[in-house]
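Notes follow the structure.
The values are calculated or read from the model by the stated rules, or taken from the named source; none is laboratory data. Computed from a predicted model, the values in this text were never measured in an experiment. Here the Cβ is made from the backbone with ideal geometry for all residues, glycine too, and neighbour counts use every protein chain on show. What goes into the accessible areas is simple: the full protein's heavy atoms, side chains included, and nothing from ligands, DNA or RNA. Shrake-Rupley method; radii C 1.70, N 1.55, O 1.52, S 1.80 Å.
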Amino acid sequence: MSKAKNELEVRREECQVISEKLAFAEEKMEAEKVCSVEKSIEVEQLKNDIKLLDDQRRLIEDALKSKLETLSSDHRNACEKVDKLMMDLDALSKERDDLAVKVKKFGQTSVPIDDFKVSI
């Protein structure tokens with residue numbers, strides 16, 4: 001009987017150790033579950049942050065594209081105006097030269113030709 005009591009005591013101790021291991025494992029599992037929930041929340045927040053930043057990037061890109069198109073149009077218009085002014089200047093220079101020739105031809109030198117020159 002003493003042998004049976006010893007065997008029973010050993011089994012109780014083993015049961016106690018297994019119960020402690022089980023309790024520890026359950027605590028560990030609960031901590032991991034909490035950590036997992038926290039990580040899931042953090043991942044969702046990061047996804048939301050990425051989406052928000054992506055939306056902001058798109059808005060900024062659209063605004064920059066619009067500004068670039070406006071600047072390109074303004075530049076194109078300015079180039080066209082410069083071209084027209086250059087053509088006008090060429091025409092006026094030719095007209096000035098023609099008038100100078102006529103003045104010389106008719107012998108009217110009372111007005112110096114240099115007064116008609118346009119500085120470029």
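Some values worked out for this structure:
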quantity	calculated
Normalised alpha carbon radius of gyration of segment 1-51 [divisor 2.2 N^0.38 Å]	2.23
Phi-based couplings in Hz for segment 28-42 (Karplus 6.51, -1.76, 1.60; Gly and Pro marked x)	5, 5, 5, 5, 5, 5, 4, 4, 5, 5, 4, 5, 4, 5, 5
Partners for K51 among aspartates and glutamates (Cα-Cα distance below 16 Å; same-chain residues under 8 apart left out)	E42, E61
Solvent exposure of the chain as accessible area per residue, Å², 1.4 Å probe	94 Å²
For the chain, alpha-carbon Rg over 2.2 N^0.38 Å	3.49
Partner lysines for K102 [C-alpha distance under 21 Å; skip if fewer than 8 residues away on the same chain]	K94, K117
Set of lysines near K28 by C-alpha distance (under 29 Å), chain-local residues within fewer than 8 positions excluded	K39, K47
Dipole of the chain, positive direction: furthest Cα of L8, V37, L52, with charges on the beta-carbon	L52
